[in-house]
Amino acid sequence: GLVFNGEFSPMHAHSGDVPVISVGGIAKEFVVPGWRVGWLVIHDKGTGRLAELAGGIKSLTQLILGANSLIQGTLPRILCPTPGSADEQSLTAFNQRYV
C-alpha cells in the first residue's frame with residue numbers, strides 16, 4: 001500500500017483475532033488510471049468466520065465481468081520484473097519516488 005510516513009504495516013497484523021478484508025487495485029497502487037484490476041484478500045486467521053463470504057466472493061469472480069485480459073497478462077511482469085531489467089529499474093524508481 002501507499003505509505004506517507006514510516007513503513008507499511010498490513011492491517012491484519014494488528015487485528016488480533018478479528019477478520020480483515022483487504023481491498024486493493026492496480027490503478028491507485030501504481031498510479032495507472034484506467035487499469036481496472038483489483039483484488040480482495042481475506043484474512044480470517046484460520047477461524048473460518050468468513051468462509052461463507054469467501055465462497056460467495058469466489059462465485060462472483062467466476063462470472064464474466066469483462067476484465068481486461070491484456071492488463072491481467074502484464075501484471076506478473078509489472079509486479080515481479082526480471083532482475084536487472086528496465087522494468088525493474090522503472091519499478092525501483094517509482095518506489096523511491098512515490099512509496
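The values are calculated or read from the model by the stated rules, or taken from the named source; none is laboratory data. Quick caveat: nothing in here was measured; it's all calculated off a predicted structure. Cβ sites come from the backbone with ideal geometry, for glycine too, and all protein chains shown count toward neighbours. The accessibility values were calculated without ligands, DNA or RNA, using every heavy atom of the protein model including side chains. Shrake-Rupley method; radii C 1.70, N 1.55, O 1.52, S 1.80 Å.
Is one or more of the residues making up region 83-90 touching a strand residue (DSSP E or B) at 6+ places or on another chain (Cβ under 9 Å) and among the hydroxyl-bearing types (S, T, Y)?
No; the residues of region 83-90 include none that is touching a strand residue (DSSP E or B) at 6+ places or on another chain (Cβ under 9 Å) and among the hydroxyl-bearing types (S, T, Y).
Tell me which residues, restricted to region 1-17, are in contact with a helix residue (DSSP H, G or I) (Cβ under 9 Å, 6 or more places away or on another chain) and open to solvent by 50 Å² or more (accessible area, probe 1.4 Å).
Passing the criteria: only L2.
What tally of residues in region 21-70 results from selecting those that are of a type in the set (V, I, T) and touching a Pro at 6+ places or on another chain (Cβ under 8 Å)?
Count: 2.
Within region 60-94, restricting attention to residues that are open to solvent by 50 Å² or more (accessible area, probe 1.4 Å) and among the small types (G, A, S), which residue is farthest from G24 (Cα to Cα)?
Per the stated criteria, the residue is G84.
Being assigned to a helix (DSSP H, G or I), open to solvent by 50 Å² or more (accessible area, probe 1.4 Å) and either in contact with a Phe, Trp or Tyr (Cβ under 6 Å, 6 or more places away or on another chain) or within 23 Å of I78 (Cβ to Cβ) (or both) is the filter here; which residues of region 26-59 pass it?
K28, E29
Go through the residues of region 69-88 one by one and say whether even a single one is within 24 Å of I21 (Cα to Cα) and among the polar types (S, T, N, Q).
Within region 69-88, one or more residues are within 24 Å of I21 (Cα to Cα) and among the polar types (S, T, N, Q).
Is it the case that R77 is of a type in the set (K, R) and at pLDDT below 80?
yes
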